[in-house]
Amino acid sequence: MRRERLARIILLLILIGIPIAILGFQRWLRPALSPTRVIDIVAAAPEAGGFQPGAFKVEAGETVTLRFSSVDVTHGIALGPGLGIDLGYVDPGHVKEVTLTFDRAGTYTFYCNIWCSPNHWRMRGILEVNDPSRILPTPQRDPVIEALNVEGVNIDADHTTSGMSSPDGTPVQQLMFAVRPSALRGATLSGSVNIPSDLNVPLWRRSHTPAQGLALLISANPTISKAEAADVVAYLWTKDASPATLASAALLYDKNCAACHGQTGDGKGLMAGLTIKPPAVFSDPAHMFIMRSDVLYAKIRRGGMGTDMPNFGTLFTPEETWALVNYLWALALDRQLGK
Amino acid sequence: MLGQQRIDLLQRVPRLKPMLKSRLFPPALMLVTLFVFMLAILSGLFGTPAGSRNFGIIFVWIVWWALLIILLVPFFGRAWCTICPIPAPGEWLQRRAIVNRTSGRLRTLRWRWPRRLKNLWLQNFGFLGVAIFSALILTRPNISAWLLLTLMIMGVALSLLYENRVFCRYVCPVGGFIGLYSLVAPVELRVSDPQICASHKTKDCITGNEQGYGCPWMVFPGKLARNNYCGLCLECLKTCPKNNIVINLRPFGSDLLVAKERRLDEAYKAFIMLGCALLYAGVLLGPWGWIKQWANMDTLPHWALYAAGFLVINLVVLPGLFWVTTAFARRLAGQSISLRHLFVDYAYALIPLGLAAWIAFSFGFVLVNGSYAPGVLSDPLGWGWNLFGTANVPWTPLWPTLIPFLQVGVLIAGLLFAIHIAYRIARQNSSGHRQAYLAMLPLGGFMAAITFMFLRLYAG
């Protein structure tokens, strides 16, 4: 009789006790035992729902643990802007977590940073930090983009090799280079040429194309060959970025841009064939010589209208965006990359 | 090879008998498997949908399947049925006890199982029904869990309506093929002396006594000549007052040569199992991604085409080709026995080939995916647990270069054994060696052709 009673108790434990124990532990006991508030975020490809929950709020000063899991394919989880949090790959059925304390109000984005589906770029969620004592800061307009708007620059001007037009809308004669411009060669030449003062001003270079810089340089140095001038311009457009900046930008580029634009910037990323318009080719100096840094910056932060280029302004800080722009110049102009 | 040599394990290992006669056996083991089963259902319903990180998928379709098809069935026959948790709750409800022998009749509505369903046809169609959804069942934890739950609910429901293990005997889609392949196994439960049973008036093994219940599988051990309908529950070992039950070690495939009980439903089970192994190998492990997508129900019309093809190949094409082969063998050998009779008889030669095919198929994914098991053991629901510190054991295929050799070896062994069985069956239906040999040639050719298809799939 004792054996039978014991068997019945075990049976009840199996049929009722285990489900209650497992589900109860996960739903109630585990959060209760955790020293921080635990928020479970389930990642699925955007067509299957994206992040669940897609948005949530935490309080400033509150320590929260964000637990990310994937239910379908491998996702890459990162948080930004300015948090510098990249959890790396989260494989299906695996969980990765990060514990954070936000000291002030703000809006952040958690996002997938590896290509997970044709709608990968939609895979974003919003984390809002409330501070009861302070009102959420009003989103600031980006001064660079504002300035471009005031200037009347068309950020969405076609960037493909066909139908090329300059950011300010004027027709552009694409430059032809017999030899690829090289910042490395330009560095050695730069000491022996007369560099107009504008070209030494970083803000001027941001708002002008290398082609404009090339014209200035040639007019100041009538004897210089076009190839040598292009090398010097390449040097000037890439010299401000430190190797460390380029290295961190390379990581951002590889994770967020390479799927379409290609790891070398050749526009032949694995997913290039899926975009509405061909991705920009950053490794092509002819193309890049008619681009402006501030326009590249604006395209990254705001996205490209009429293309599949998503906005990254909610993911990256302005500094990170400028670093990315510098990285694009480095890809185009034979600057030694910081990888 | 298939002589009458037998080794009585209960005599050879004296400690075995008291253990097996205890009423704790097999309920104690069933509770263990029920625990695992429950965890599989829970993880399927509530855990991660990622199959590779879900206990339900990994432990049911990789660990359990590997144990079943590579170890238990070929070497121990119906041993899994002894400890299977699916019929357990229903049986315990019938008995109103888990361990004890309760007095009185089983608590059921005592409906009578229809006579025309007292065969394998339900199990045949049940297996095919599961098979056409298998690409979904094997990879999606929730679907897998619902299947397990449905089987258990069916087990309980049928136990409430009918006496004994009607579910196991006539319905369970797994039990059907385990029974068929248990004919190959080198273990059997039999009686030591059939005369003792014949002359025994009370037939305690059928009616039960205070030591145990009457056979839940509705089998009379005194006339037991084959393994396929004995679930090895060992109630007869407990109830037999004559000490006449033995568990023998015997040559592989002995039951395949028992001529008197061969039936069309069993022959069809052999076709279905061989056909499914071939189709699974092609669909799940083959290079044709589009078939896999169809099987995965990328669109309903695609899946309908796939399912129709699957059923036609299993129920019409393969048996049809075998019918033609048998007709040719009959003509070649000049046999006068009816074609239908030979068709059924010769189909039993496909059983070892089918079993070998399933083992080879299983090697293909069990060794590759077995390393998922430690991870899900620590984190059964994919919730980020790490119970035993093995949650992050990386996926590492085991001996991937060895797999094709294992597969080829098993398939060749299965083919040779199947040809041997075909000859022995032909001998039963022939006047002499020459006639049997001639009959065997087309059958061997048919089986060699099937084996060649597997070899193409596995070894390229």
Inset, instruction - Quick one: net charge around A:Leu100, please, counting Lys, Arg +1 and Asp, Glu -1 for every other residue with C-beta under 14 Å from its C-beta. - result: -1
Legend entry - Descending principal axes extents, segment A:1-90, alpha-carbon based, whole Å: 67, 34, 20
Inset, instruction - Report Rg/Rh for segment B:115-233, rounded to two decimals, where Rg is the Cα radius of gyration and Rh the Kirkwood radius. - result: 1.04
Legend entry - Peptide A:121-133 - average C-beta neighbours from other chains (10 Å radius): 0
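Compute the relative contact order of segment A:143-332 as a whole-number percentage, counting only Cα pairs closer than 8 Å that sit 6 or more residues apart in sequence. Can you show the working numbers first?
Numbers: 275 pairs, mean separation 47.7, N = 190.
Rounded, it is 25 percent for segment A:143-332.
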Legend entry - Cα long-axis angle, helix A:293-302 against chain A (0 to 90 degrees, to the nearest 10): 20 degrees
Inset, instruction - Apply the Debye scattering formula to the protein assembly as shown, with a single equal point scatterer on each alpha-carbon and no solvent, then give log10 I(q)/I(0) at q = 0.06, 0.07, 0.10 Å⁻¹. - result: -0.57, -0.70, -1.05
Legend entry - By average C-beta atoms within 10 angstrom, highest first, the peptides A:301-310, A:198-207, B:414-423: B:414-423, A:301-310, A:198-207
Legend entry - Cross-link table A:Lys268/A:Lys299; B:Lys21/B:Lys223; B:Lys17/B:Lys203; B:Lys201/B:Lys238; B:Lys203/B:Lys269, entries beyond 28 Å C-alpha to C-alpha: B:Lys203/B:Lys269
Legend entry - Local electrostatic count at B:Ile86 - Lys and Arg +1, Asp and Glu -1, tallied over other residues with Cβ under 15 Å: +2
Inset, instruction - Report, in deg cm²/dmol and to the nearest 500, the calculated mean residue ellipticity at 222 nm for chain B, where each DSSP H run with n ≥ 4 adds -39500 (n - 2.57) and the sum is divided by the residue count. - result: -17000 deg cm²/dmol
Inset, instruction - Please turn the phi angles of segment A:196-211 into ³J(HN,Hα) values with the Karplus equation 6.51 cos²θ - 1.76 cosθ + 1.60 (θ = phi - 60°), one per residue in order, whole Hz, x for glycine and proline. - result: x, 4, 4, 5, 8, 9, x, 5, 5, 4, 4, 9, 10, 8, x, 4
Inset, instruction - Evaluate peptide A:3-15: per residue, the Cβ atoms of other protein chains within 10 Å of its Cβ; return the mean as an integer. - result: 5
Legend entry - Surface/4 of the Cα convex hull for segment A:143-332, nm²: 10.4 nm²
Inset, instruction - Any chance you could check the Cα centroid distance between segment B:228-304 and segment A:269-336 for me, in angstrom? - result: 60 Å
Inset, instruction - Could you order peptides A:294-300, B:134-140, B:147-153 by the average number of other Cβ atoms within 10 Å of their residues, highest first? - result: A:294-300, B:134-140, B:147-153
Inset, instruction - Within 10 Å, count the other beta carbons around each residue, average over each peptide in B:12-19, A:233-240, A:80-87, and list them highest first. - result: A:233-240, A:80-87, B:12-19
Legend entry - Axial C-alpha extent at least 24 Å, average Kyte-Doolittle at least 0.0 - helices from chain B (DSSP): B:27-46, B:141-161, B:264-285, B:350-369, B:403-428, B:433-459
Inset, instruction - May I ask for the net charge around B:Ala198, where only other residues with Cβ less than 13 Å from the Cβ of B:Ala198 are counted and Lys, Arg are +1 while Asp, Glu are -1? - result: +3
Inset, instruction - For segment B:7-255, restrict the atom set to alpha-carbon positions and state the Rg and Dmax in Å. - result: 18.2, 59
Inset, instruction - Would you calculate a helix-derived [θ] at 222 nm for chain A, using -39,500 (n - 2.57) for each DSSP H run of n ≥ 4 and dividing by the full residue count, to the nearest 500? - result: -9500 deg cm²/dmol
Legend entry - Cα-based helix-to-principal-axis angle, A:243-256 vs chain A, degrees rounded to 10: 60 degrees
Inset, instruction - Please give the average number of partner chain Cβ atoms lying within 10 Å of the Cβ of each residue in A:281-288, rounded to a whole number. - result: 0
Inset, instruction - Averaged over every viewing direction, what's the projected area of the C-alpha convex hull for chain B? Give it in nm², one decimal, please. - result: 23.0 nm²
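Any read-out appearing in this document is the output of simple, stated calculations on the displayed coordinates, not a laboratory observation. In this text, all values refer to a predicted model and were calculated from it rather than measured experimentally. Positions of Cβ are backbone-derived with ideal geometry, glycine not excepted, and every protein chain shown enters the neighbour counts.
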